[in-house]
Amino acid sequence: MNWDLIWSSFGPIITGAVTGTIPLTLASFALGLVLALVVALLRLSSNWLLSGIGRFYVSVIRGTPLLVQLFVIFFGLPSIGIRLDPWPSAIIAFSLNVGGYAAEIIRAAILSVPKGQWEAGHTIGMSHPQTLVRIILPQAARVSVPPLSNTFISLVKDTSLASLILVTELFRNAQQIAAFSQEFMALYLQAALVYWVICLVLSTAQSAVERRLDRYVAH
């Protein structure tokens, strides 16, 4: 086993995390959250058509593998004349996937807010949208933080699939070094270690945020 190569490979792997994995995760999660909020509101709509569109979207996303979604966008769309580079393809696929799962989290969080909060908003003269934005969503956000944080952490690991469409990120760099050196076990364990450390840091941050939010909850 080439220990010098293994130690020196930490640099490129960590670089791949900083320049690839983390930006890809942040961009996909941010876009996915916006999409999730829209889909959650569609699901809660009294209009059967809008609600049906929301249910259909969630059903498709949750009922198909992320890898298949990624391949459909990168390899499938060119067959109908739509060609996207690896990075946009990955961001779109991950955002759509996050949107499907996070939509149900947000919907459940909104439903967890007591109906009396809606009535209180209307009593003081707020319209339905104003009550939603100023009263309901802030309370729902507090409830949704733990499950959304778990979704974010899962996305960090899911971005490794982007290596299959040649996105240069953490796992892609590990693959390239392993292919050159033939030190597959060591390099893949290194990649796993870096993913674990990232997720450990995020889990610690999640716990801190939850403790902070817990201060505003009546016991």
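Need one word for the stretch 146-194: rounded, prolate or oblate. Basis is the Cα gyration tensor (sqrt eigenvalues a ≥ b ≥ c); a/c below 1.5 gives rounded, then a/b vs b/c decides.
oblate
So how far apart, in nm, are the two label points at residue 27 and residue 201 if each is 7 Å from Cα heading toward Cβ?
About 2.0 nm, to one decimal.
Stretch residue 10-residue 180 to full length: gain in nm at 0.36 nm per residue minus the Cα-Cα span?
On the way: separation 170, 0.36 × 170 = 61.20 nm, distance 1.50 nm.
Length gained between residue 10 and residue 180: 59.7 nm.
Compute the distance in nm between two label points, each set 7 Å from the Cα along the Cα-to-Cβ direction, one at residue 166 and one at residue 49.
Modelled inter-label distance: 4.2 nm.
Can you give the accessible area per residue of the chain, in Å², using a 1.4 Å probe?
55
Once fully extended, how much extra length lies between residue 189 and residue 80, figured as 0.36 nm per residue of separation less the alpha-carbon to alpha-carbon distance?
Values: separation 109, 0.36 × 109 = 39.24 nm, distance 3.93 nm.
Going from the current span to full extension adds 35.3 nm.
From the helices alone, meaning DSSP H stretches of at least four residues, give me the mean residue ellipticity at 222 nm for the chain, per-run term -39500 (n - 2.57), in deg cm²/dmol to the nearest 500.
Working: 11 runs with 163 residues, N = 219.
Calculated from helices alone, the mean residue ellipticity at 222 nm is -24500 deg cm²/dmol.
When a/c is below 1.5 the answer is rounded, else prolate if a/b is larger than b/c, else oblate, so apply that to the stretch 75-128 with a ≥ b ≥ c taken from the square roots of the Cα gyration tensor eigenvalues. Walk me through the numbers before you get to the answer.
On the way: a/c = 5.09, a/b = 3.24, b/c = 1.57.
Cα axes put the stretch 75-128 in the prolate bin.
Could you sort 157, 115 by accessible area so the largest value comes first, with the probe set to 1.4 Å?
Sorted descending by solvent-accessible area, the residues read 115, 157.
Dividing the alpha-carbon radius of gyration of the chain by 2.2 N^0.38 Å (N being the number of residues), what value is obtained?
1.22
Once you sort the root eigenvalues of the Cα gyration tensor of the stretch 11-103 as a ≥ b ≥ c, which label holds: rounded (a/c under 1.5), prolate (a/b larger than b/c) or oblate (the other case)? Before the final figure, lay out each step's value.
Numbers: a/c = 2.77, a/b = 1.61, b/c = 1.72.
Oblate, since a/c reaches 1.5 and b/c is not below a/b.
In whole percent, how big is the carbon plus sulfur part of the accessible area of the stretch 3-216, probe 1.4 Å, protein atoms only? Please report the intermediate quantities before stating the final value.
Details: 7990 of 11600 Å².
Carbon and sulfur together cover 69 percent of it.
For residue 60, put the label point 7 Å out on the Cα→Cβ axis and report which residues of the stretch 143-186 keep their amide N under 19 Å from it.
none
Within 10 Å of each candidate Cβ there may be at most 12 other Cβ atoms; applying that plus a DSSP loop requirement, which trypsin sites (Lys or Arg not before Pro) in the stretch 9-88 survive? Can you show the working numbers first?
Values: sites: 43, 55, 62, 83; in loops: 83.
For trypsin sites (Lys or Arg not before Pro) across the stretch 9-88 that sit outside H, G, I, E and B with at most 12 neighbouring Cβ atoms in 10 Å, the list reads 83.
Got the relative contact order for the chain handy, in percent, Cα pairs under 8 Å and 6 or more residues apart?
Over the chain, the number comes to 29 percent.
The values are calculated or read from the model by the stated rules, or taken from the named source; none is laboratory data. Because the structure is a prediction, the values reported are computed rather than measured. FYI the Cβ positions are ideal-geometry reconstructions off the backbone, even for glycines, and counts take in every protein chain you see. Note: accessible area is taken over every heavy atom of the protein model, side chains too, but ligands, DNA and RNA are not part of it. Shrake-Rupley method; radii C 1.70, N 1.55, O 1.52, S 1.80 Å.
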